[in-house]
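Participant: Got a structure for you, written out below as structure tokens; questions coming shortly.
Computed from the coordinates by the stated procedures, all read-outs in this text should not be read as laboratory data. Predicted model, so just to flag it, every value in this text is computed and none were measured. So basically every Cβ, Gly included, is an ideal-geometry build from the backbone, and we count neighbours across all protein chains shown.
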Amino acid sequence: MRLRTYATTVRRVLRQLLNDRRTIALIMAVPALLVTLLYFVYKDFPGGDALFDRVAVQMIAILPMAVMFLVTSIAMLQERVSGTLERLWTTPLHRADLLMGYATAFTVIAVGQALVLFGVCAWALGVTIAGSWAWIILTALLDAFVGVAMGLLVSALSRTEFQAVQFMPLLIGVQVFLCGMLVPRGQLPPALEPVSQVLPMSWAVNAVGEVQAGAAVTQGLVMDIVILAVIGLVLLTAAPLTMPRRTR
């Protein structure tokens, strides 16, 4: 990877993102709006306060990955469909420069997403946790990074934007079902429990659950964070290996 071309890619992608108000609104506002909707869903429900606190924190481990996966995969496909990517290949740009630049730019935007989610949950909606919100923000940021890496990998395997979107039920929906939000992972059928162990969303949900339950920084929490980061790096490393140099 060349530092100069990498930095140029980061600036270009950030500029494009910041000029696209609808994309920025999707990244920043939609997760917060969905959590706010959940607040009103549970507002008059018996025991709804405690239930909302648990579900809202879990949503912080789910929504960033889903949103960033969708936005990243479509943005990269647009580059390919429009012919921008083929023109870039005529420059000294390498696959790693492009994908690392995309990952960095989208992760920078994800910092804002994580902070907006934190502000809405902690201040506007009064979500309470036993641990530090810093760990929740870090988990949301890593979760978004994994979503970006997944989006880049899927975009390399897709020919059209529609094909990229078709991956969402498979890659995101399955994780929502098996991450431990609907049924504790330990109570899943024997055939599904090992599958849940390799899904990044499972580790993210487990991490925020530990922060919500206790103030101590446990070995399990650190392990969850490390595994989440490693999964994101593995996915990001795999993406350049599958990206074609020509639009098919």
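Participant: Output wanted: per-residue J couplings in Hz (rounded whole) for region 109-126, from phi through Karplus 6.51 cos²θ - 1.76 cosθ + 1.60, θ = phi - 60°, x for Gly and Pro.
Facilitator: 5, 5, 4, x, 4, 5, 5, 5, 4, 4, x, 5, 6, 6, 9, 7, 9, x
Participant: Measure off 7 Å from each Cα along the Cα-to-Cβ vector at Gln163 and Gln187, then give the distance between these two points in nanometres to one decimal.
Facilitator: It works out to 4.1 nm between the two label points.
Participant: OK, next. Using the Karplus curve 6.51 cos²θ - 1.76 cosθ + 1.60 with θ = phi - 60°, what ³J(HN,Hα) values do you get for each residue of region 133-139, in whole Hz, with x for Gly and Pro?
Facilitator: Working through the residues one at a time gives 5, 4, 5, 5, 5, 4, 5 Hz.
Participant: Further question: Given the DSSP H assignment, sum -39500 (n - 2.57) over each helix run of at least 4 residues in the chain and divide by its residue total; what's the result at 222 nm in deg cm²/dmol, nearest 500?
Facilitator: That calculation yields -24000 deg cm²/dmol at 222 nm.
Participant: For region 22-60 and region 103-159, what is the separation of their C-alpha centers, rounded to whole Å?
Facilitator: Rounded to whole Å, the Cα centres lie 15 Å apart.
Participant: Gly126: net charge of surrounding residues, Cβ under 15 Å, Lys/Arg +1, Asp/Glu -1, itself excluded?
Facilitator: My count for the surroundings of Gly126 gives 0.
Participant: Compute the helix-to-body angle for 63-81: its Cα long axis versus the longest principal axis of the chain, expressed 0 to 90° and rounded to tens.
Facilitator: Between the helix axis and the principal axis of the chain, the angle is about 10 degrees.
Participant: Follow-up question, since we're still on this one. What does the charge count near Phe52 come to, summing +1 for each Lys or Arg and -1 for each Asp or Glu among other residues with Cβ under 14 Å from its Cβ?
Facilitator: Summing Lys/Arg as +1 and Asp/Glu as -1 gives -1.
Participant: For region 53-204, what does the relative contact order come out to in percent, with C-alpha contacts under 8 Å and a separation of six or more?
Facilitator: 39
Participant: In the set (1) 67, 40, 28; (2) 48, 45, 33; (3) 60, 40, 32, which value of Cα extents along the principal axes in Å was calculated from the structure you see?
Facilitator: Recomputing Cα extents along the principal axes in Å here gives the entry labelled (3).
Participant: Further question on the same structure: Going toward the positive end of the dipole of the chain, with +1 on Lys and Arg Cβ and -1 on Asp and Glu Cβ, which of Gly126, Leu228, Met181 do you reach last?
Facilitator: The listed residue farthest towards the positive side: Leu228.
Participant: Calculate the dipole size of the chain relative to its Cα centre from +1 charges on Lys and Arg beta carbons and -1 charges on Asp and Glu beta carbons; express the result in debye to the nearest 20.
Facilitator: Computed charge dipole of the chain: roughly 1180 debye.
Participant: Report, in degrees rounded to the nearest 10, the 0 to 90 angle that the Cα long axis of helix 219-242 makes with the longest principal axis of the chain.
Facilitator: So the inclination is approximately 20 degrees.
Participant: Please compute the modelled spin-label separation between Leu18 and Val174, points set 7 Å along Cα→Cβ, answer in nm with one decimal.
Facilitator: Result: 3.8 nm between the two label points.
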